[in-house]
1. For region 334-345, does any single residue satisfy the condition of being in contact with a Cys (Cβ under 8 Å, 6 or more places away or on another chain), surrounded by fewer than 20 Cβ atoms within 10 Å (Cβ to Cβ) and of a type outside the set (D, E, K, R)?
2. Considering only residues that are out of contact with any Cys (no Cβ under 6 Å at 6 or more places or on another chain) and surrounded by 22 or more Cβ atoms within 10 Å (Cβ to Cβ), look in region 1-13 and name the one that is nearest to Val375 (Cα to Cα).
3. Suppose we filter region 195-206 for residues that are surrounded by 17 or more Cβ atoms within 10 Å (Cβ to Cβ) and not β-branched (Val, Ile, Thr); how many remain?
4. Could you tell me whether any residue of region 241-257 is surrounded by fewer than 21 Cβ atoms within 10 Å (Cβ to Cβ), among the basic types (Lys, Arg) and in a loop (DSSP other than H, G, I, E, B)?
5. Right, Thr213: of a type outside the set (D, E, K, R) and free of Cβ contacts under 8 Å to residues at least 40 places away in the same chain or not?
6. I'd like to check something: does region 278-288 contain any residue that is in a loop (DSSP other than H, G, I, E, B) and either touching a residue at least 24 places away in the same chain (Cβ under 8 Å) or within 27 Å of Lys61 (Cβ to Cβ) (or both)?
7. Give the residues of region 273-290 that are crowded, with 18+ Cβ neighbours inside 10 Å, out of contact with any strand residue (DSSP E or B) (no Cβ under 7 Å at 6 or more places or on another chain) and among the hydrophobic types (A, V, I, L, M, F, W, C), sorted by residue number.
Amino acid sequence: MFLDKLCKTNPNLIQTAVHMHQQKQILPDTYVVDVDQFLENAKAILQKANEQNIELYYMLKQIGRNPYLAKELEKLGYKGAVVVDFKEAEVMMKNHLHIAHAGHLVQIPSMMVNQLIAYGCDYFTVYSYEKLVEVNEAAKKIGLVQKVCVRVIGENDRIYSGQTAGFYLNQLEELVQKSKDLKYIEIAGVDNFPCFLYDEVTKEIQAQENLHTVFKAKKILEDLGCFIQNVNAPSATCVHTLELMKQYPEITSAEPGHGLSGTTPYHVDHDAEEIPSVLYLSEVSHVLDNHAYIYGGGYYRRGHIQNALVGSSYEGLVKDSVILPDMDSIDYHFGLENPHHIGDSAVLCFRYQIFVTRSDVCLIKGIHSAKPEIVGIYDSLGGKK
């Protein structure tokens, strides 16, 4: 999906990954991250957001909940993490990182609510009254008022399978009335997902109906007496999307994820400000019936994998078509259209979600100063190896 763009804009990352693999410094089934370029992308996004007074919460589940990158982003000035689920919250707390937003795509389970509220969380998203009560009780125990966001949903909103949740607009009045007895929570924000998406026909990022549902919810809640401080509009956040957000001054926060690594769908078709900074590295395992097979483990169903670069040196890399495993099979290997030498490096670049894989993550600094250095190798869930 991004391989041609990577070759054009960040060949040094490819060269470094192949060299280190051939020197037996990196195992196959490893996502290799160009840390310096990743942070340059992050700076560009943050600068654009600051110009528009939009707070940024970094999303790192796609890059394996990596705590090293999280700390670097906070040094740059990012407000804190948005934790996509409670296990990501555990990683951030273990590494003493700031949690700016929790509970949106996956609610924090009852057993963890007390722990998270005590640790500290700027905004806690709820989509049930029962969870709101739990948050209130947890906040009461430590004597603070917890700000909450209400996840809202409209009849015509785009909702991904597995993410069905939220309050319909006609349920908000009842929610506010019932919450008046809860003295340790403050309904202070609204959110929905996805608010922006890339349209492959128009080749443009477009606001979704979900965003307009958020704006309607904001007005309803304010008319009911709530002080809405946070209008959260996640999905596809990058410099270009932030530019589009100028049309919607109500937006107060966004959550860059793939924008940080230059790997949103927008980046395939456009020379965006962010440059791809992550690749997937594998190795030819064996050859059978004139097809080479490379080690798998990092497959993501929506990755749009098409091609790989294969060879034992950067100069000797050749492009080959990838044969994907069946949807009902485990990705032990990827096939290649042609035979290659066992031990050859294979470089792929596609849309990834490392936290749902069994891959490693290798962070490398100094690629562009010709002094590459591995600063850490992590598992897919943020643990250092």
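1. Start the filter on region 334-345 by keeping residues that are in contact with a Cys (Cβ under 8 Å, 6 or more places away or on another chain), which leaves none.
No, that holds for no residue.
2. The selected residue is Leu13.
3. Matching residues across region 195-206 total 4.
4. Of the residues in region 241-257, the ones surrounded by fewer than 21 Cβ atoms within 10 Å (Cβ to Cβ) are 243-244, 246-250, 252.
Still in the running and among the basic types (Lys, Arg): 246.
Filter once more, so that each one left must be in a loop (DSSP other than H, G, I, E, B): none.
No.
5. no
6. No, because not a single residue in region 278-288 is in a loop (DSSP other than H, G, I, E, B) and either touching a residue at least 24 places away in the same chain (Cβ under 8 Å) or within 27 Å of Lys61 (Cβ to Cβ) (or both).
7. Selection gives Ile275 alone.
Conditions (1) touching a residue at least 24 places away in the same chain (Cβ under 8 Å); (2) surrounded by 22 or more Cβ atoms within 10 Å (Cβ to Cβ); (3) of a type in the set (Phe, Trp, Tyr); (4) in contact with a strand residue (DSSP E or B) (Cβ under 8 Å, 6 or more places away or on another chain), marked per residue:
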| site | (1), (2), (3), (4) |
| --- | --- |
| Pro265 | yes, no, no, yes |
| Ala292 | yes, yes, no, yes |
| Tyr295 | yes, no, yes, yes |
| Ser312 | yes, no, no, yes |
| Glu315 | no, no, no, no |
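The values are calculated or read from the model by the stated rules, or taken from the named source; none is laboratory data. The shown structure was predicted, so the numbers you read here are calculated from the model rather than taken from an experiment. For neighbour counting, all protein chains shown are included, and Cβ atoms are generated from backbone atoms with ideal geometry for every residue, glycine included.
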